[in-house]
Amino acid sequence: MACKRGALIVLEGVDRAGKTTQCNRLVEALQLSGRPAAMMKFPDRTTTIGKLINSYLESKSDLEDHTVHLLFSANRWELVPLMKKKLEEGTTLIIDRYAFSGVAFTSAKPGFSMNWCMNPDMGLPKPDLVLFLQLNPATAAQRGQFGTERYETSSFQQIVQRRFEELIADTSVNWQVIDASQSIDEVHENIKRLSVKAMNAAEDWPIGELWT
Ligand SMILES: Nc1ncnc2c1ncn2[C@@H]1O[C@H](COP(=O)(O)OP(=O)(O)OP(=O)(O)O)[C@@H](O)[C@H]1O
Ligand SMILES: [Mg+2]
């Protein structure tokens, strides 16, 4: 019998919600329990497209807004063959940001509809679970100042938060909202429990297509 596939699990949330911290903790915990798991993050700044995005985020270059949205999407698509290979080999993928961040950030800019923003990502591998780390701006502020990258301002992040709320209302995606104001250990326990449940459920189903 072919091996059971891995699950595709995404962590989303506004800046400093704890996504990277929790992705690392989750991968480590799954590996320790003997389940193959690997972490990925978007944007993946190591590819040729990723380097263009990195330069844009660091404000070392300017790109037209539609163009940069399509580059972020292309950066996800270029990793799809690798993602599918790993999932089919039985490795669970824990992903730090995905298409939801792409849509939330671009649609927070003037003149962009959610629908236009979702189109290029339609058909990407569909996450079996999307964990949204919910954190209010005051608590996020206690976790340190915003960095110096583009988009790291409080007014922009507030619009991004509202766009995420619209995306979470879409029941075609398996969203779970997590209270990210708890301790790192408490958040981790919640995330691990939901992830193991999603991994067991995903085993017997083919990988879906996002937003189709
Ligand atoms: N539950 C928590 N309680 C307190 N501090 C936390 C918690 N989780 C993470 N932190 C701290 O908050 C900061 C931001 O965490 P982290 O980098 O994981 O967030 P992020 O969501 O990946 O942010 P970004 O969107 O900027 O990449 C770090 O200094 C981290 O140690
Ligand atoms: Mg991070």
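The values are calculated or read from the model by the stated rules, or taken from the named source; none is laboratory data. Fair warning: this is a prediction, and the values are worked out from it, not measured in the lab. Every residue, glycine as well, gets a Cβ built from its backbone with ideal geometry; the counts of neighbours run over all protein chains shown.
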### Query
Of all residues in the stretch 85-104, which are more than 16 Å from ligand 2 (Cβ to nearest atom) and of a type in the set (S, T, Y)?
T91, T92
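Here's the yes/no breakdown for (1) of a type in the set (D, E, K, R); (2) more than 12 Å from ligand 1 (Cβ to nearest atom); (3) over 16 Å from V68 (Cβ atoms):
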site: E88; (1), (2), (3): yes, yes, yes
site: K109; (1), (2), (3): yes, yes, no
site: S113; (1), (2), (3): no, yes, yes
site: L131; (1), (2), (3): no, no, yes
site: P137; (1), (2), (3): no, yes, yes
site: S154; (1), (2), (3): no, yes, yes
site: N174; (1), (2), (3): no, yes, yes
site: I178; (1), (2), (3): no, no, yes
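Part of a strand (DSSP E or B), crowded, with 16+ Cβ neighbours inside 10 Å and either within 16 Å of ligand 2 (Cβ to nearest atom) or of a type outside the set (A, V, I, L, M) (or both): is that true of F132 in this structure?
yes
Being assigned to a helix (DSSP H, G or I), at pLDDT 95 or above and within 16 Å of ligand 2 (Cβ to nearest atom) narrows it down to one residue among T46, T67, T20; which is it? Spell out how you get there, then give the answer.
On the way: T46 fails: assigned to a helix (DSSP H, G or I); T67 fails: within 16 Å of ligand 2 (Cβ to nearest atom).
Selected residue: T20, the only one of T46, T67, T20 that is assigned to a helix (DSSP H, G or I), at pLDDT 95 or above and within 16 Å of ligand 2 (Cβ to nearest atom).
For every residue, the table says whether it meets (1) in contact with a strand residue (DSSP E or B) (Cβ under 7 Å, 6 or more places away or on another chain); (2) free of Cβ contacts under 8 Å to residues at least 24 places away in the same chain; (3) more than 14 Å from ligand 1 (Cβ to nearest atom).
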| position | (1), (2), (3) |
| --- | --- |
| G123 | yes, no, yes |
| A141 | no, yes, no |
| G144 | no, no, no |
| E186 | no, yes, no |
| T212 | no, no, yes |
### Query
When the stretch 70-89 is examined, which residues are found to be part of a loop (DSSP other than H, G, I, E, B) and not acidic (D, E)?
L79
### Task
Taking only the stretch 97-119 into account, find how many residues are of a type outside the set (A, V, I, L, M) and buried (at least 20 other Cβ atoms within 10 Å of the Cβ).
9
### Query
Just one of the numbered conditions (1) over 27 Å from R150 (Cβ atoms); (2) touching a Gly at 6+ places or on another chain (Cβ under 8 Å); (3) within 16 Å of ligand 1 (Cβ to nearest atom) is not true of A29; which one?
(2)
### Task
Could you tell me whether the stretch 52-61 includes any residue that is touching a Pro at 6+ places or on another chain (Cβ under 9 Å) and surrounded by fewer than 20 Cβ atoms within 10 Å (Cβ to Cβ)?
yes
